[in-house]
1. Residues being in a helix (DSSP H, G or I), modelled with pLDDT under 95 and surrounded by 15 or more Cβ atoms within 10 Å (Cβ to Cβ): count how many of those fall in the stretch 34-83.
2. How about the stretch 74-90: which of its residues are in contact (Cβ under 8 Å) with a residue 12 or more places away in the chain and touching a Gly at 6+ places or on another chain (Cβ under 7 Å)?
3. Have a look at ARG90, ARG56, ARG69 and point out the one that is closer than 21 Å to GLN34 by Cβ and of a type in the set (Lys, Arg).
4. Can you run down the residue pairs with Cβ atoms below 9 Å, 6 or more apart or on separate chains, where the first is in the stretch 28-46 and at negative phi and the partner is among the small types (Gly, Ala, Ser) and assigned to a loop (DSSP other than H, G, I, E, B)?
5. Please go through the stretch 8-33 and pick out each residue that is β-branched (Val, Ile, Thr) and assigned to a helix (DSSP H, G or I).
Amino acid sequence: MHEQFHGSPRPSETPDDYRKRMAVIQAEALERRQHELDQQSSPEHTPGDRIRIWERLHQLSLPRTADHRLLGVIAAKTGLSLEQVQDEQRTRATAKAAAAVG
């Protein structure tokens, strides 16, 4: 449902219809969230993609330090090893350094 102000009751809507519509909207949002959570650990995605999905879902960036405690959480939630997460850190650091030089 892509209506603007979908949370407001419609003029001709009964309270019961409004509650039902809100329940559908909430169920759709939960379904989208679960799909995104499933995608962050899907083997169909590269480690970098999984980490980017995790970052988007949690609105956090991959820490830059190799021993940051959040790396273990990211690894667990994405279905990756700690080494794979650290490899992504190194890849990003190398790309950033190359961009700064070039």
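The values are calculated or read from the model by the stated rules, or taken from the named source; none is laboratory data. The structure displayed is predicted, hence computed values, not measured ones. All Cβ positions, glycine included, derive from the backbone under ideal geometry; neighbour counts span all protein chains shown.
1. 1
2. GLU88
3. ARG56
4. Listed pairs, sorted by first residue: GLN40/GLY79; SER41/GLY79; SER42/GLY79; PRO43/GLY79.
5. VAL24, ILE25
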